[in-house]
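Scroll down for the structure; my scribbles are underneath it.
The values are calculated or read from the model by the stated rules, or taken from the named source; none is laboratory data. Given the structure is predicted, the values throughout are model-derived calculations rather than measurements. Glycine also receives a Cβ, built like all others from the backbone with ideal geometry; neighbour counts cover every protein chain displayed. Surface accessibility is based on the protein's heavy atoms, side chains included, excluding ligands, DNA and RNA. Shrake-Rupley method; radii C 1.70, N 1.55, O 1.52, S 1.80 Å.
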Amino acid sequence: MAITTVGTDGDDRAIEFLVTPPGATDEGRFAIHREHGQGWETARLSIGPESGSVPVAAVEWAVEFAREYL
């Protein structure tokens, strides 16, 4: 599975992830974001309806990544 960060906002409050499972032709997108001035505890996960399903392992990896950078 390939996970790529495809976007962050300028204030490091959001990270967008692109996930490509092995052998898949479709990609999933989701973002982890928080409000300005808020801590990690307020972070949220957003998955667009066009993304279909996103592997749980990708979300788990992204949460650990975002915890370090948000």
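General remarks:
- Computed across region 10-49, the Kirkwood hydrodynamic radius from all distinct Cα-Cα pairs reaches 11.5 Å.
- Computed about its Cα centre, the charge dipole of the chain is approximately 80 debye, with only Lys, Arg, Asp and Glu carrying charge at their Cβ.
- Computed accessible area, E50, all protein chains, 1.4 angstrom probe, square angstrom: 150 Å²
- The helix-only estimate of mean residue ellipticity at 222 nm for the chain, built from DSSP H runs of length n ≥ 4 each weighted as -39500 (n - 2.57), is -6500 deg cm²/dmol after division by the residue total.
- Here each label is just a point 7 Å from Cα along the line to Cβ, and for V63 and E50 those points are 2.7 nm apart.
- For the chain, accessible area per residue (1.4 Å probe, heavy atoms of protein chains only), Å²: 66 Å²
- log₁₀ of I(q)/I(0) at q = 0.13 Å⁻¹ - the chain, Debye sum with one point per alpha carbon: -0.34
- Hypothetical label at A2: residues of region 14-48 whose amide nitrogen lies under 18 Å (7 Å Cα-Cβ projection): 16-30
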